[in-house]
Every structure is written in C-alpha cells, then in structure tokens.
C-alpha cells in the first residue's frame, strides 16, 4: 500500500513537471502526445521499422505468410514488398526524402547478402568491396549510400557508394574492420572503427576524407548510429560500470543521456531539432523505447494515447516532423509502429493526457 502511494506521489510530481513543460513550450520544444499506427506485416506475424523520411514513408522488414523476411516500404496505410536480389531474404535499413531505399538482400543461390539501392520498383545490387557480402545502412538526399562490406580477406570495411562506385573508407589504429551507419546531407559519415570507438568521417579542405575518433564516455568502447544536419552524433558508449549508455556528441564533447532508471540505454537516431530516439532499461530491467529532448529522457509508452495493448520496445528513427518509428510487442507479436505527434494540445487535453500517463506508470510500479 505504501509502495503504491509513493508511486502515485512520484508519478503525480513527474507529470506535473511534464504538464508544465508542454504548456510552457512552443511546438518546436514541446513534449507532445502521440498517435500510434500499427504498420502490419506482409502476411506473417512479425515486422520492424528502421527508417522514416520527411513524407512519413517508412521502411523496415516484415515476415511473409511463408515465413520469409522481406524489406518493405510503407506509405498511406499500405505495406509494399520490395523483393530481393534473387534470394529469400531482404532487409531495408534507410530511406531518403526522394523515396530511395537501402538495405541488404540475399543474392540468387547464395546465403550471402549484398547491399542494395531500391528506387522506382527496381532493386539494384551495390556489390561488395571484393568479398562475399555487404550491408547498406544509410542514404542521404544526394543518393550517397553508406554501410559495410567484405574485402577479399572477408574482413568488414565501411564504405561510401556513389555514382556506381563503392569506396573503401578504411580502418583505424591498424585494425582490420570498420562499419558506417549513417550519413547526413553534407556527406558526414558516422560509425565504428579501430579500437571499438565511434568515428566520424568528413572531408577536409582538400577533399580528403578524415577520420575523427569521437572517444567514449569512460575508456572502453563506443559506436555512432546517427548524425543530423548540424553534425550532432548519437550512439552508445560503455560507462565505467561497463553498461552501455546512449550519448549525444557535439563539438568534441560526448554527453551521457542516461537511462529510464535501469542500467543501459542505446540511441539509434536524431533529427535536426536534437530529438534523440532509442531504447533504455527500466528499474525492473525491462526495455522501453525512449525520446530524449531538452535534457530529459521520456518513456514513449507514457506518451501514446491509444496503445494500451502495446509495449514499445525500441525507437529506431525520427524525422523532422517528430514522427518516430520502431518496433514493439502487440498482443504477443513483434510489430512495426509509426508514432505521429499531436500538435498543440488543449489544456483540457493535456490534463487528461497527464492523468492517463500517471495511471500507466502506477500500474507498472
């Protein structure tokens, strides 16, 4: 009884702060409630969203009725199967505002995936760096694609693909591997290389790509997953306690974004308003999707109005309109979701929303 009372008091205080933040902030900085859209599947039981563009087009992967995994493009309520490169598997990982999609897919008669670029119904094989496999993770407005592929020795190297040519981005500190995860409109690339550190690749004044080690929160490993137009970088890094925490890197400083009360968190994406999404542990070691903005991390499960049957597990990307995609548990199945913010709610609506969040938090306590 005392624990429940304490939970109510804590939730009430937290939500009063949340309510004040929403009412006192403009639309650009406000913490808004979201509507949730179940993106469905391709006939199977599982789906996951990995990217969203400015138009609200969503990509990811979903099971077919036969159990095969296929890359999808979701738009206006319809999930489209993007096919494969001749094999049985495909996985979409990124999309730009022109609707170009990147990912990886099995090639015919092979269990090795190749990076692909899908556009206007055609899936193009981007090849490898001389090895057997490749994976494309991100694409910018110019159609530059980044990812990682095997070289002749079958070690993975980060690549930049443009105009039909896949360029090896090299490694660091004498290591034999590197990975690129995202690229912004300026051609800045982020990933991981060398001694398990997050890296930033960018051109110097002479046009050469230079690698910058972004460091760590403590002294061990880190990796960078996303970068916005301003060059702000997000990812995850080991803390002194050997847990991974989400970070925001800017101007040489790596900021620990914390957790949702548990041990670990990981950041997957960032938009130009410095809204960060990912997943984090709760005190009970359960993992929930989060939104971080203006110095605070919010459990996205507390911000949805119509998702009582859902548990949002991970947020993977966010666009400039604040729409968020990821995956969660829904009635015993893993499903892709799209969250759309409800702009400028009324005071009455905010009060009702705050009460709803309070009830959800107490039920979990």
Q: Kindly express, to the nearest 10 degrees and within the range 0 to 90, the angle between helix 347-364's C-alpha long axis and the longest C-alpha principal axis of the chain.
A: 80 degrees
Q) In segment 264-300, which residues have a backbone nitrogen under 15 Å from the label point lying 7 Å from residue 218's Cα in the Cα-to-Cβ direction? A) 264-265
Q: State, to one decimal in nm, how far the label point of residue 78 lies from the label point of residue 112, with both points 7 Å from Cα in the Cβ direction.
A: 3.7 nm
Q.
As a test of understanding, state the convex hull volume per residue of segment 71-166 from its alpha carbons, in Å³.
A. 82 Å³
Q. What is segment 192-292 by shape, rounded, prolate or oblate, if you read a ≥ b ≥ c off the alpha carbon gyration tensor as root eigenvalues and call it rounded for a/c under 1.5, prolate for a/b larger than b/c, and oblate otherwise?
A. oblate
(Q) Quick check on the exposure proxy: order 264, 230 from fewest to most C-beta atoms within 10 angstrom. (A) 230, 264
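Counting only helical runs of four or more DSSP H residues, what would the 222 nm mean residue ellipticity of the chain come to if each run contributes -39,500 (n - 2.57) and the total is spread over all its residues?
On the way: 2 runs with 41 residues, N = 365.
That comes out to -4000 deg cm²/dmol.
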Q. Between residue 250 and residue 66, what length in nm is gained on full extension when 0.36 nm per residue of separation is reduced by their alpha carbon distance?
A. 61.7 nm
Q. Using the eigenvalues of the Cα gyration tensor, what equivalent ellipsoid semi-axes result for segment 111-184 when each is taken as the square root of five times the eigenvalue, whole Å, largest first?
A. 20, 15, 9
Q: Please determine, in degrees from 0 to 90 and to the nearest 10, the orientation of helix 2-24 with respect to the longest principal axis defined by the Cα atoms of the chain, where the helix direction is its Cα long axis.
A: 70 degrees
Q. Taking neighbour counts of Cβ atoms within 10 Å as a proxy for exposure, in what order, fewest first, do 221, 98, 314 appear?
A. 98, 221, 314
Q: Quick one: grab Rg to one decimal and Dmax as a whole number for segment 2-364, Cα atoms only, in Å.
A: 20.5, 66
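Find, to one decimal place in angstroms, the Kirkwood hydrodynamic radius of segment 240-323, where the mean of 1/r is taken over every pair of different Cα atoms and then inverted.
13.1 Å
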Q: Return 206, 74 ranked ascending by Cβ neighbour count within 10 Å, so the fewest neighbours appear first.
A: 206, 74
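Taken together, the values in this text are just the output of simple stated rules run on the coordinates, not laboratory data. Just so it is clear, the model here is predicted, and its values are computed rather than measured. Counting neighbours? That spans all protein chains shown, and the Cβs are built from the backbone with ideal geometry, glycine included.
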